[in-house]
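Enquirer: Before I ask anything, here is the structure I am working with.
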Amino acid sequence: ELQRTLVLVKPDGVARQLTGEVLRRIEAKGYSIAALTMRHADRDLLTAHYAEHEGKPFFEPLLEFMSSGPVVAAIVEGHGVIEGFRTLAGTTNPTSAAPGSIRGDLGREWGTAVVQNLVHGSDAVESAEREIGLWFPQQ
Ligand code: CMP
């Protein structure tokens, strides 16, 4: 199924100069970058993006972290790309993410209140379309 997904290089990934490495892995896999932008997300955008996590103990630290610096946002297209990018990214906790994945190869825990794990990828068709609408309002 031809899909599109929203990928974010989070502030830790941008600060560590891993944007190119993340985009390289996406392109090497054969997915297409359909749109690309860098922006400093504000609380309104992040509250909408992370609506499902509102009320969780890591919500405030998550917003602090995600607004701590610029984020690179991309619309990525390909067959099965929603699951495929999440496989490329690896599991949430970079300590246990599989080697070979972005988080497994490049991430680790830093002892912060929120897990800093370099990238975001949408988890379903509906969330992908919702998130693309938030980050790329013109698309
Ligand atoms: P992601 O899955 O991209 O989106 C939600 C983010 O919240 C997640 O990445 C982590 O950065 C963070 N997160 C999720 N679960 C926890 C947790 N249990 N403790 C701290 N941070 C978390």
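Enquirer: Give THR37, THR47 a once-over and let me know the one that is surrounded by fewer than 15 Cβ atoms within 10 Å (Cβ to Cβ), part of a helix (DSSP H, G or I) and either of a type in the set (Asp, Glu) or at pLDDT 95 or above (or both). Don't jump to the end; show me each part of the working.
Expert: Numbers: THR37 fails: part of a helix (DSSP H, G or I).
Residue meeting the stated conditions: THR47.
Enquirer: Taking segment 91-106, which residues are in contact (Cβ under 8 Å) with a residue 24 or more places away in the chain and under 14 Å from LYS10 (Cβ atoms)? I'd like the intermediate steps shown before the answer.
Expert: The initial filter retains those residues of segment 91-106 that are in contact (Cβ under 8 Å) with a residue 24 or more places away in the chain, namely 92-94, 102, 106.
Result: THR92, PRO94, ILE102, LEU106.
Enquirer: Condition check: closer than 18 Å to ARG103 by Cα and part of a helix (DSSP H, G or I). Does GLU52 satisfy that?
Expert: Working: closer than 18 Å to ARG103 by Cα: no; part of a helix (DSSP H, G or I): yes.
Considered against the rule, which asks whether it is closer than 18 Å to ARG103 by Cα and part of a helix (DSSP H, G or I), GLU52 comes out as no.
Enquirer: Still on this model: Tell me the residue from ARG39, ARG16 that is among the basic types (Lys, Arg) and touching a strand residue (DSSP E or B) at 6+ places or on another chain (Cβ under 9 Å), please. Talk me through it step by step, then tell me what you get.
Expert: Values: ARG16 fails: touching a strand residue (DSSP E or B) at 6+ places or on another chain (Cβ under 9 Å).
Only one candidate passes the filter, namely ARG39.
Enquirer: Looking at GLU109, GLU52, can you tell me which residue is of a type outside the set (A, V, I, L, M, F, W, C) and either under 22 Å from ARG4 (Cα atoms) or away from the ligand (no atom under 11 Å from the Cβ) (or both)?
Expert: When all the criteria are applied, what remains is GLU52.
Enquirer: In this structure, is ALA98 touching a helix residue (DSSP H, G or I) at 6+ places or on another chain (Cβ under 7 Å), surrounded by fewer than 13 Cβ atoms within 10 Å (Cβ to Cβ) and more than 21 Å from GLU27 (Cα to Cα)? Let's see the steps before the verdict.
Expert: Values: touching a helix residue (DSSP H, G or I) at 6+ places or on another chain (Cβ under 7 Å): yes; surrounded by fewer than 13 Cβ atoms within 10 Å (Cβ to Cβ): yes; more than 21 Å from GLU27 (Cα to Cα): no.
It is false that ALA98 is touching a helix residue (DSSP H, G or I) at 6+ places or on another chain (Cβ under 7 Å), surrounded by fewer than 13 Cβ atoms within 10 Å (Cβ to Cβ) and more than 21 Å from GLU27 (Cα to Cα).
Enquirer: Could you please find all residues in segment 86-139 being in a loop (DSSP other than H, G, I, E, B) and of a type in the set (Lys, Arg)? Outline the logic, then answer.
Expert: Initial filter on segment 86-139 (in a loop (DSSP other than H, G, I, E, B)): 90-98, 100, 107-118, 122-124, 136-139.
ARG108 - this is the single residue of segment 86-139 that is in a loop (DSSP other than H, G, I, E, B) and of a type in the set (Lys, Arg).
The values are calculated or read from the model by the stated rules, or taken from the named source; none is laboratory data. What you are looking at is a predicted structure, and each value in this text was computed from that prediction instead of being measured. With ideal geometry, Cβ positions are generated from the backbone for all residues, glycine too; neighbour counts draw on all protein chains shown.
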